[in-house]
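Since every read-out is calculated from the coordinates, none of them should be taken as a lab result. Only a predicted model underlies this, so the values are computations on that prediction, with no experimental measurement involved. Glycine also receives a Cβ, built like all others from the backbone with ideal geometry; neighbour counts cover every protein chain displayed.
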Amino acid sequence: MKIFVGIDIAKLNHFAAAISSDGEIILEPFKFTNDADGFQLLLSKLESFDKNSIIIGLESTAHYGDNLVRYLVTELYQVCVLNPIKTCQ
């Protein structure tokens with residue numbers, strides 16, 4: 001089973017939620033800050049799942065998500081940065 005984590009990126013706060021490949025809601029939407037404390041909160045929500053089954057997706061939003069992407073990649077999560085023009089289509 002795959003777990004898809006979607007993150008809505010903003011300047012100060014991000015929102016994340018997760019669903020399974022079966023469409024089951026795994027994590028209800030929650031807010032976390034765009035800093036080390038917020039990133040740790042996100043990881044604490046994901047730590048009970050197999051890291052290899054998680055795909056994290058977020059839209060490219062200028063530089064606001066850069067630190068988060070770097071952090072997640074360093075923590076060995078699979079991250080997909082999506083072009084907002086493509087997701088709109």
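Below, the figures for the structure above:
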| read-out | value |
| --- | --- |
| Value at 222 nm in deg cm²/dmol, rounded to 500, when DSSP H runs of n ≥ 4 in the chain each add -39,500 (n - 2.57) | -7500 deg cm²/dmol |
| Karplus 3J(HN,Hα) series, Hz, for the stretch 38-51 with 6.51 cos²θ - 1.76 cosθ + 1.60 (x for Gly, Pro) | x, 5, 5, 4, 4, 4, 5, 6, 8, 5, 7, 9, 5, 4 |
| Within straight-line cross-link reach of LYS2, lysines at Cα separation under 23 Å, skipping those fewer than 8 residues along the same chain | LYS31, LYS45, LYS51, LYS86 |
| Efficiency of FRET between GLU47 and LEU82 - r from beta-carbon atoms, R0 35 angstrom, step 0.05 | 0.90 |
| Derived scalar couplings ³J(HN,Hα) [the stretch 56-65; Karplus, 6.51 cos²θ - 1.76 cosθ + 1.60; whole Hz; x for Gly, Pro] | 9, x, 8, 7, 5, 10, 6, 9, 5, x |
| Note, ³J(HN,Hα) from phi for the stretch 74-84, Karplus 6.51, -1.76, 1.60, rounded to Hz, x at Gly and Pro | 4, 7, 6, 8, 7, 10, 10, 8, 9, 6, x |
